[in-house]
1. For segment 198-228, enumerate the residues that are in a loop (DSSP other than H, G, I, E, B) and either touching a residue at least 60 places away in the same chain (Cβ under 8 Å) or under 20 Å from the mean Cα position of the chain (by Cα) (or both).
2. Run down 195, 231 and say which single residue is farther than 22 Å from residue 22 by Cβ and either at pLDDT 95 or above or under 18 Å from the mean Cα position of the chain (by Cα) (or both).
3. Considering only residues that are in a loop (DSSP other than H, G, I, E, B), under 16 Å from the mean Cα position of the chain (by Cα), surrounded by fewer than 21 Cβ atoms within 10 Å (Cβ to Cβ) and more than 16 Å from the ligand (Cβ to nearest atom), which ones fall in segment 155-186?
4. Give segment 20-58 a look and list any residue that's within 15 Å of the ligand (Cβ to nearest atom), outside any helix (DSSP H, G or I) and either buried (at least 19 other Cβ atoms within 10 Å of the Cβ) or free of Cβ contacts under 8 Å to residues at least 24 places away in the same chain (or both), or say none.
5. Can you tell me how many residues in segment 1-19 are within 12 Å of the ligand (Cβ to nearest atom), in contact with a strand residue (DSSP E or B) (Cβ under 8 Å, 6 or more places away or on another chain) and part of a loop (DSSP other than H, G, I, E, B)?
6. What's the number of the only condition in (1) more than 13 Å from the ligand (Cβ to nearest atom); (2) assigned to a helix (DSSP H, G or I) that residue 68 fails to meet?
7. If you go through segment 90-125, how many residues are within 16 Å of the ligand (Cβ to nearest atom) and part of a loop (DSSP other than H, G, I, E, B)?
Ligand SMILES: [Zn+2]
């Protein structure tokens, strides 16, 4: 796996970094998503519906893999038990790059998912932490980079990915989560994200970030360490 996206809830990845996912899949990179919870505390939908929606979005994004760890929505912790399960996944897929939740956000699971991913990525490189997959001992693996996508709260990004050619794919992957967004025929209670104004906000965010790199749509990320370049012309 080239890029593994770690997300607290099914739909976090689609809302925050699906344009970047689509851009890299189009270049031939293998990208997968691991959702930590089934989002069962969400106002709308059920775990079963959201699992089906996740699979639909995975097809739209052409993912190489999508898994759900079934951690408890809201109540999961950044502790040894959860770190251990995530280390197994990191060692299984051996990603070069991990995209993780926003470092801090309105929803407490996002900041928690962020620190859990950061810790698990580091710990996964420690050979004395022993894990196994399908009965076989796993080798240590530390991803080269962990970047954090930006979610509800606007965090100043360290870099922005141009997602203009993949804007439609991003929207389609978001709308795969039909139970979560505005649908006049849905009689479930309104939620923060089912408001008809939510998707225009997502577009405004992408346009604002795109504007800052002189393109139409963008997705922003923060880094954990300095990024080096060989060629100044690689920068846009
Ligand atoms: Zn979320």
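The values are calculated or read from the model by the stated rules, or taken from the named source; none is laboratory data. A quick note: this is a predicted structure, and the numbers were derived from the prediction, not measured. Virtual Cβ from ideal backbone geometry, glycine too; neighbours counted across all protein chains shown.
1. Step one: list which residues in segment 198-228 are in a loop (DSSP other than H, G, I, E, B), which gives 212-217, 224-228.
217, 224, 225, 227 - these are the residues of segment 198-228 that are in a loop (DSSP other than H, G, I, E, B) and either touching a residue at least 60 places away in the same chain (Cβ under 8 Å) or under 20 Å from the mean Cα position of the chain (by Cα) (or both).
2. One residue alone meets the criteria, 231.
3. 157 - this is the single residue of segment 155-186 that is in a loop (DSSP other than H, G, I, E, B), under 16 Å from the mean Cα position of the chain (by Cα), surrounded by fewer than 21 Cβ atoms within 10 Å (Cβ to Cβ) and more than 16 Å from the ligand (Cβ to nearest atom).
4. 33, 34, 35, 36, 37, 38, 39, 42, 44, 45
5. 3
6. Residue 68 satisfies all of (1) more than 13 Å from the ligand (Cβ to nearest atom); (2) assigned to a helix (DSSP H, G or I) except (2).
7. Total satisfying the criteria: 7.
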